[in-house]
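Written below as structure tokens is the structure these notes are about.
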Amino acid sequence: MKPPASSEPFLPERLDLGIGSVDGYRVFWDDVALVWQRTSAAGDALEETRLQPDEAAWRTFWRALDELDVWSWESYYEPDYPTCGGTQWAVWIERAGRTLKASGRDAWPPGFERYLAAVRALAGERPFG
């Protein structure tokens, strides 16, 4: 029997990540598996894969996020100029007593491309961003 997520120090209490415009991607932890989805503009899942990253993959992901200092990201990012539509993103992570809730529209914190690469790696190189 698999122990609950809280007893595995490398698993998140919550992980829900999304990015997209006309269509997009969502990666979330459902307490059993990491779920990768390709989504419609309305947020409906068009494609879904359930994944089981190993401990090494999780630790690599957390190390990348720590190196990017995601825990100090602002809660919301937007450009200084008017936009129509564009790319929206959201991050909600709870792990080891820390919480990150951040989002944006057509604006990103420093290192955002590296964050996207870390998410793709955790999701077995599936598209994200």
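Quick note: the coordinates plus some simple rules give every number you see, no bench work behind them. Here the structure is a predicted model, which means the values were calculated and not measured. Note that we place each Cβ from the backbone using ideal geometry, even for glycine, and neighbour counts take in every protein chain shown.
Overview of results
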item: Failed item in (1) crowded, with 16+ Cβ neighbours inside 10 Å; (2) under 14 Å from residue 122 (Cβ atoms), with residue 24 passing the rest; result: (2)
item: Every residue from the stretch 84-113 that is among the charged types (D, E, K, R) and either in a strand (DSSP E or B) or surrounded by fewer than 14 Cβ atoms within 10 Å (Cβ to Cβ) (or both); result: 94, 95, 98, 101, 105, 113
item: Number of positions in the stretch 66-82 that are in contact with a Lys or Arg (Cβ under 7 Å, 6 or more places away or on another chain) and either without any contact (Cβ under 8 Å) to a residue 12 or more places away in the chain or among the hydroxyl-bearing types (Ser, Thr, Tyr) (or both); result: 1
item: Scan of the stretch 34-56 for residues that are hydrophobic (A, V, I, L, M, F, W, C) and more than 22 Å from residue 99 (Cβ to Cβ), ordered by number; result: 36, 41, 42, 45, 46, 51, 56
item: Every residue from the stretch 32-47 that is touching an Asp or Glu at 6+ places or on another chain (Cβ under 9 Å), surrounded by fewer than 17 Cβ atoms within 10 Å (Cβ to Cβ) and either among the polar types (S, T, N, Q) or part of a loop (DSSP other than H, G, I, E, B) (or both); result: 40, 41
item: Within the stretch 110-129, considering residues that are of a type in the set (D, E, K, R) and more than 10 Å from the chain's Cα centre (by Cα), the one nearest to residue 87 (Cα to Cα); result: 113
item: Number of the condition not met by residue 63 [criteria: (1) without any contact (Cβ under 8 Å) to a residue 40 or more places away in the chain; (2) of a type outside the set (Val, Ile, Thr); (3) surrounded by 12 or more Cβ atoms within 10 Å (Cβ to Cβ); (4) within 19 Å of residue 115 (Cα to Cα)]; result: (3)
item: Considering residues of the stretch 61-83 that are of a type in the set (Ser, Thr, Tyr) and outside any helix (DSSP H, G or I) only, the residue farthest from the chain's Cα centre (by Cα); result: 81
